[in-house]
Amino acid sequence: MANITIDGKPYAVKDGITVIQAIDEAKIDLPRYCYHPGLSIAGNCRICQVEVEKLPRSVIACNTRVAEGMVIHTKSPKARESQQAVLEFLLANHPLDCPVCDQAGECKLQDYYMEVGLYDPKFDDRKVKKTKKAFPIGPTIMLDQERCILCSRCVRFGDEITRTHDFGIFNRGDRSEIDVCPGKELDNKYSGNVADICPVGALTDRDFRFKMRVWYLGSQKSVCPGCSRGCNIEIHYEKSRPYHLKKERVMRLKPRENQAVNRWWICDAGRYGYKSIDHGRLVEGPLVGAQMNRAGTRPAPTWTSVLENLAGIFKKADPAAWAVFASPRHTNEELYLVKRIFLDHLKWGQVAFHAPGQEGDEDDFLIRKDKNPNSTGASRILRLGKPDEDITPILEKARRGGLEGLLVFGHDLAGIAGPQTLETVRQKVKTLVFEGPNDNPTAAVADIVLPAASYAEKEGTFTNFEGRVQRIRKAFEPVSGSLATWDWLLNLSGLLGMSLKHRGPEDIFEALAGENEFFKGLNYKKIGDQGCLLNS
Amino acid sequence: MATKIIKRKELGFWDRTYLPAVGLGLWITSRHFFRNMAVHALHLFGFAKNLRGAETYQYPEEQRPLSKRTRTRHRLTKREDGSPRCVACMMCETVCPARCINIVAKENPDPNIEKMPASFDLDLGMCVYCGYCVEVCPEDAIRMDTRILDIAAYSREGMKLDMQKLLNP
Ligand code: SF4
Ligand code: SF4
Ligand code: SF4
Ligand code: SF4
Ligand code: FES
């Protein structure tokens, strides 16, 4: 332990950490460009100057270690003056691009200029221009060399995190410029992260380009449903202009720091996987006799009538002739309701959730081959036993005409077993019910279609591959006509004569924690923003 | 925060009858009427030229002179090649208190300009003519100097201006 003083207050910090780490722990703001906690220390931007008493000059906080008795000032006139001078140099060749720059509003040059700007500039307007303005350097990222302040974060990201060595700084002096190495393209699986770590608008996201000014965005904490890693994300959605609201609500996803899961990063598949929230949704409300309705021959039925209808069917159903394909994309709460209703109450023996042959790519960093966010939760909650989790035997039975009815949550049978199988199943099964947020070939042939809310439109929790329970939160209301799965399942349970008295996901989770030893002792408060591990 | 309580003045008996106020109003109106009638009659015979009588403009045949700074209908200024100067920075959209500007941005073919509006819609039916949009624009791309004041339409839709109308007032 080292006893130090920062801005007049005493702190006891770990030995050997850097001054900037101590400052961050003390939650004091200090400008920085090149320092990133996830990357090695470069110490080349020089903005993080602090005054240390008894040292002749101000020093950079990111590359100075704390020592016993150090007295540090981050806002003294001397420190401020050094920061101001550095910022002035960084801006010497910086173009006045804010009006057309996508970074404007979340740009550290703008932010720190407000704090430590030299409002009486000493440079004249002759700037060194680069030959090319903004140009794409890969499928996801746009580069504008004039805006770069040469902090080298992107270079270090390529060298240390993805080890693809994409970037380099070329030339010398005021002609130095950042670029991808000659003949290379920035196309690794984590390329989107460089737009996040670039503190200025030099590297920007092509997908988000000119879509929206960042100050119009609302933000909600969530978890990426793209694979079983469950990277922590923020959903950025259009919020401040409801009077201009277009069809698209989600504008982009950003990683959220969680040291136990994804640190500061997410993969590109996850980052750009948000399109299904606003596209290809089932928006006509619940449908009965789906094809007929879609041709517009009958008015759409209401949720109440459809659920009453369903409850009637389920009450009369022969438990041996009905099956449920639950979804590993549903939340723990929803899977718990599926268990209570179909396994415990209706006593249907045929429940499964694992669709074989759906694995994707995997690497040794974040990406997992199981592309479902909650397979672990499904298996811990439904407790079917490994071989029974697989939907294939039930599907086979349906194909041979052994089933009367089938309730499918989200799965696309055509994608799993081929369109031929879907067609046969369709002919052999009398009642095919589909529930899910997005349209697919199975939904197109189902007798009853129940449109569900997407993960951005409901509360709940996912359990990732290592058993970490993490919360997803509601960013906005479900699209017209759809309901959160837990919501209609609760309604259905009432119609079936069960007495589940839950008010919402938090309540359902408490009930789950009360009866399942894996979840024992957990609650939303404990899970918080960073998640909580299951009991093993 | 310190609050100061101001007592509302009670209305007296005469105030509540409104009669003195009505009388006062009639008195002011008739004073102007008779004074102007007398002044204009004297002007007719070439007297009292140094007194000014109230005037009536025969609008719309006769236009009233406008001050140079009057804020009138908006326009978007053009570059030399005729394309809009606007770079779709959305400053005006952000500052507009009536929220009547809606801009969609797109890539500018010239990489040195980078950005331009794909559409620029302004709803004059909602605009409060505050002029903030002009003030905030970093490109001098929007101005309120067309001197067009008589804006009327048969529907709310008719009050909306798109980019073409804004570029060619
Ligand atoms: S492009 Fe961005 S991250 Fe890379 S060196 Fe320049 S400013 Fe830093
Ligand atoms: S690694 Fe998985 S959870 Fe993380 S961002 Fe990618 S798809 Fe999403
Ligand atoms: S004049 Fe005021 S209200 Fe009208 S468009 Fe401009 S900013 Fe909006
Ligand atoms: S402020 Fe000017 S440049 Fe920016 S969007 Fe409005 S008109 Fe265009
Ligand atoms: S943040 Fe310390 S030198 Fe760049």
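Treating only the Cβ atoms of Lys and Arg (+1) and Asp and Glu (-1) as charged, compute the dipole magnitude of chain A about its Cα centre; round to the nearest 20 debye.
360
Evaluate the distance, in nm, between pseudo-label points positioned 7 Å from the Cα of A:D7 and of A:K247 along their respective Cα→Cβ axes.
Placing both labels 7 Å beyond Cα along the Cβ direction yields 4.8 nm.
Rounded to the nearest 0.05, what FRET efficiency is calculated for A:D15 and A:D507 with R0 set to 60 Å and r the Cβ-Cβ distance?
Here the calculated transfer efficiency is 0.80.
Which GluC sites (Glu not before Pro) does segment A:308-382 hold that lie in a coil by DSSP with at most 15 other beta carbons within 10 Å?
Qualifying residues, ordered by number: A:E359, A:E362.
Computed on alpha carbon atoms, what radius of gyration and Dmax characterise segment A:287-533, expressed in Å?
17.5, 53
Using only Cα atoms, what is the ratio of the radius of gyration of the protein assembly as shown to 2.2 N^0.38 Å?
1.27
Lysine pairs, Cα distance under 16 Å, 8 or more residues apart or cross-chain: how many in segment A:1-106?
So the count works out to 5.
GluC sites (Glu not before Pro) within segment A:7-99: which are DSSP loop residues with at most 10 other Cβ atoms inside 10 Å?
A:E68
Give the accessible area for A:S58 in Å² (nearest 10); use a 1.4 Å probe, count only protein heavy atoms, and leave out ligands, DNA and RNA.
My reading of the accessible area for A:S58 is about 30 Å².
Test of the criteria: in segment A:348-433, which chymotrypsin sites (Phe, Trp or Tyr not before Pro) are in a DSSP loop and have at most 13 other Cβ atoms within 10 angstrom of their Cβ?
none
Treating each Cα of segment A:2-91 as an identical point scatterer and ignoring solvent, apply the Debye formula and state log10 I(q)/I(0) at q = 0.14, 0.16, 0.24 Å⁻¹.
-0.43, -0.57, -1.28
Treating the angle as unsigned and between 0 and 90°, give the value, to the nearest 10°, between the Cα long axis of helix B:19-44 and the longest Cα principal axis of chain B.
Roughly 80 degrees between the two axes.
Mind checking the dipole of segment A:287-533: about its Cα centre, +1 per Lys or Arg Cβ, -1 per Asp or Glu Cβ, Debye to the nearest 20?
600
Under a plain spin-label model, where a point goes 7 Å from the Cα along Cα-to-Cβ, how far apart in nm are B:A118 and A:V214?
2.2
Which residue, chosen from B:M91, B:A21, B:A54, occupies the Cα position most advanced towards the positive end of the dipole of chain B, where the dipole is computed from +1 (Lys, Arg) and -1 (Asp, Glu) charges on Cβ about the Cα centre?
Of the candidates, B:A21 comes out farthest on the positive side.
With a 1.4 Å probe on protein heavy atoms only, work out how much accessible surface B and A bury together, total over both chains, in Å² to the nearest 100.
Interface area, both chains combined: 1600 Å², rounded to the nearest 100.
Beyond a 31 Å Cα-Cα separation, which of these cross-linked pairs lie in this structure: A:K247/A:K316; A:K339/A:K474; A:K339/A:K458?
A:K247/A:K316
Let me spell out the model: positive unit charges on the Cβ of Lys and Arg, negative unit charges on the Cβ of Asp and Glu, origin at the Cα centre of segment A:372-424. What dipole size does that give, in debye rounded to 20?
180
Kirkwood Rh, segment B:37-169, all Cα pairs: how many Å?
It works out to 17.4 Å.
Can you find, among A:P356, B:N36, A:T431, the residue sitting farthest towards the positive end of the charge dipole of the protein assembly as shown, where Lys and Arg contribute +1 and Asp and Glu -1 at Cβ?
Final value for the positive-end residue is B:N36.
Just subtract the alpha-carbon distance of A:N523 and A:A67 from 0.36 nm times their residue separation and send over the number in nm, one decimal.
160.0 nm
Quick one: grab the alpha carbon gyration tensor of segment A:446-536, order the square roots of its eigenvalues as a ≥ b ≥ c, and give me rounded if a/c is under 1.5, else prolate or oblate depending on whether a/b is larger than b/c.
Note, shape of segment A:446-536 comes out oblate.
The values are calculated or read from the model by the stated rules, or taken from the named source; none is laboratory data. The model shown is predicted, which means the values in this text are computed figures rather than measured ones. Cβ sites come from the backbone with ideal geometry, for glycine too, and all protein chains shown count toward neighbours. The accessibility values were calculated without ligands, DNA or RNA, using every heavy atom of the protein model including side chains. Shrake-Rupley method; radii C 1.70, N 1.55, O 1.52, S 1.80 Å.
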